[in-house]
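To keep things clear, I will list the structure first and then write my remarks on it.
The values are calculated or read from the model by the stated rules, or taken from the named source; none is laboratory data. Everything quoted here is computed from the prediction, not taken from an experiment. Using ideal geometry, Cβ is built from the backbone for each residue, glycine included, and neighbour counts are taken over all protein chains shown.
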Amino acid sequence: MTEKKPIKFLDYLGQKKTILIYCLLIFLVPAIAINLIKPWEYSSTVKVLIIQKINPNLDAYTAARAAEKLSQNLAAVIYTTSFFNKVTASNFNLNINWPANDREKRKLWQEKISASALPDSSILEITAYDSDREKAAKLAQAAAYILVTDGQEYHGGGEDIIIKTIDENLTSDFPARPNVILNVLSGLFFGLMIGLFIIFWKYTKENF
């Protein structure tokens with residue numbers, strides 16, 4: 001009896017392309033749904049610089065590293081209720097409807113604001129999000145203003161620490177969230193990987 005010759009994988013892939021299509025749809029549909037369901041928001045980004053004054057007891061390198069660490073700490077502070085209260089009490093007329101419930105209010109604040117220290121620097125980047133482009137810009141401005149004017153309350157460095165805005169807020173011309181292209185590409189990628197894995201598994205099972 002003649003032994004059955006294994007089919008080439010590309011030929012097998014063509015025969016089982018329906019599996020691949022199903023997998024692509026399974027991952028692509030939720031990705032598209034996220035883009036449609038989640039509100040589209042603009043982003044506004046401002047950058048501030050944390051400066052550690054050099055004194056006789058600190059060399060330049062140590063001062064720079066201290067400022068870098070401080071920028072990381074201040075990034076965490078921005079998410080706190082204390083900082084939120086200062087921002088909402090500022091004179092920037094944010095006109096944002098915050099929830100009455102403290103838990104929901106804190107959750108919304110952490111969704112609307114993003115703060116991160118840029119690697120190997122003492123620069124802190126603050127990004128605000130809102131469906132209204134003007135509100136996103138005002139929110140970013142308010143957060144940077146509070147950090148510059150009231151920063152001493154959070155770093156404890158007194159006059160040895162200077163916080164200054166180095167890049168005024170830059171607001172996106174188009175919605176930044178959700179990231180439509182990234183979501184769709186992610187859905188296609190995972191659908192393709194899972195589909196190919198299933199087809200390859202069936203191929204090896206049937207031919208070897």
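Of note:
- Single match in 129, 154 (criterion: of a type in the set (Phe, Trp, Tyr), surrounded by 13 or more Cβ atoms within 10 Å (Cβ to Cβ), out of contact with any strand residue (DSSP E or B) (no Cβ under 6 Å at 6 or more places or on another chain) and touching a residue at least 24 places away in the same chain (Cβ under 8 Å)): 154
- Among residues of the stretch 178-195, those that are modelled with pLDDT of 90 or more, touching a helix residue (DSSP H, G or I) at 6+ places or on another chain (Cβ under 7 Å) and more than 14 Å from residue 25 (Cβ to Cβ), counted: 1
- Residue in the stretch 95-112 that is in a loop (DSSP other than H, G, I, E, B), under 22 Å from residue 165 (Cα atoms) and not basic (Lys, Arg) present: no
- Subset of the stretch 89-109 that is of a type outside the set (Val, Ile, Thr) and either within 11 Å of residue 138 (Cα to Cα) or not assigned by TED's automatic domain parsing to the domain that holds residue 134 (or both) - its residue that is surrounded by the fewest Cβ atoms within 10 Å (Cβ to Cβ): 91
- Entry remark, the stretch 30-72: residues being at pLDDT 90 or above and not aromatic (Phe, Trp, Tyr) number 8 in total.
- In the set 159, 206, 153, 168, only one residue is out of contact with any helix residue (DSSP H, G or I) (no Cβ under 7 Å at 6 or more places or on another chain) and within 24 Å of residue 111 (Cβ to Cβ); that residue is 168.
- The set of residues from the stretch 85-117 being under 16 Å from residue 75 (Cα atoms) and touching a residue at least 40 places away in the same chain (Cβ under 8 Å) comprises 86, 87, 115, 116, 117.
- Hey, residue 128 assigned by TED's automatic domain parsing to the domain that holds residue 81, assigned to a helix (DSSP H, G or I), more than 18 Å from residue 32 (Cβ to Cβ) and modelled with pLDDT of 90 or more or not: no
- Boolean, residue 166 is surrounded by 14 or more Cβ atoms within 10 Å (Cβ to Cβ) and outside any loop (DSSP other than H, G, I, E, B): no
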